[in-house]
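This report concerns only the one structure given below.
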Amino acid sequence: CFYVSRCSLWLRYGFFIRDNSLILVNTFGASLQLAYVITYYLYCVKKSLVCRQMFTACTVLVVTLAYSEYETDLLVAKYRVGLLCCLVTIIFFAAPLTMLVRQADKQLCLEITRFT
């Protein structure tokens, strides 16, 4: 769900800066991710969790798109949307590291209990 939002945010930023390659890549990415989310939703067991995630992602996307449309200073809007895109991308790439840290903690606990 959030990948669709991320691609859509970058797509909006691509339209802001008029970068055709950014527009093309994120149109393709958002389309593929949307197809994946729909397929996942059809076959998942916990549909309520997926609905909540989709609602959250869509809310962030709609608020950002509304802001970018109604901001009077185009340079400020371009800067803020670009900054949001960068932050969201960093968060998505850093998120798996939390699982790595948790796994390392488990492994450390196993090592400590093995020596005692």
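Relative to the longest principal Cα axis of the chain, at what angle does helix 47-70 sit, 0 to 90 degrees, rounded to 10?
Taking the Cα atoms of the chain, the angle to 47-70 is about 40 degrees.
On a full-extension model of 0.36 nm per residue, what is the gain between Val101 and Val50, subtracting their alpha-carbon distance, rounded to one decimal in nm?
15.8 nm
Between Tyr67 and Asp19, what is the label-to-label distance in nm when each label sits 7 Å out along the Cα-to-Cβ direction?
1.9
Please give the calculated 222 nm ellipticity per residue for the chain, where each DSSP H segment of at least 4 residues contributes -39500 (n - 2.57) and the sum is spread over every residue; nearest 500 deg cm²/dmol?
-32500 deg cm²/dmol
What does the accessible area per residue of the chain come to in Å², with a 1.4 Å probe and no ligands, DNA or RNA counted?
Spelled out: the 1.4 Å probe surface of the chain, per residue, equals 75 Å².
With mean projected area of the Cα convex hull in nm² defined as stated, name the option among (i) 8.8; (ii) 7.7; (iii) 10.0 computed from the structure displayed.
(iii)
Restricting to Cα pairs below 8 Å that are 6+ residues apart, what does the relative contact order work out to for the chain? Please round to a whole percent.
32
Which one, Leu100, Leu74, Leu84, has the greatest fluctuation when you compute a Gaussian network model over the chain with C-alpha springs under 10 angstrom?
Highest fluctuation of the listed residues: Leu100.
With +1 on each Lys and Arg Cβ and -1 on each Asp and Glu Cβ, and nothing else charged, work out how big the dipole of the chain is about its Cα centre, in Debye to the nearest 20.
Computed about the Cα centre, the dipole is about 360 debye.
Run the accessible area of the range 1-59 with a 1.4 Å probe and give the carbon-and-sulfur part as a rounded percent.
Of all accessible area on the range 1-59, carbon and sulfur atoms account for 69 percent.
The values are calculated or read from the model by the stated rules, or taken from the named source; none is laboratory data. No experiment lies behind these values; they were computed from the predicted model shown. Cβ coordinates were reconstructed from backbone atoms using ideal geometry, including for glycine residues, and neighbour counts include every protein chain displayed. When the accessible area is computed, the model is the full protein with side chains, heavy atoms only, and any ligands, DNA or RNA have been set aside. Shrake-Rupley method; radii C 1.70, N 1.55, O 1.52, S 1.80 Å.
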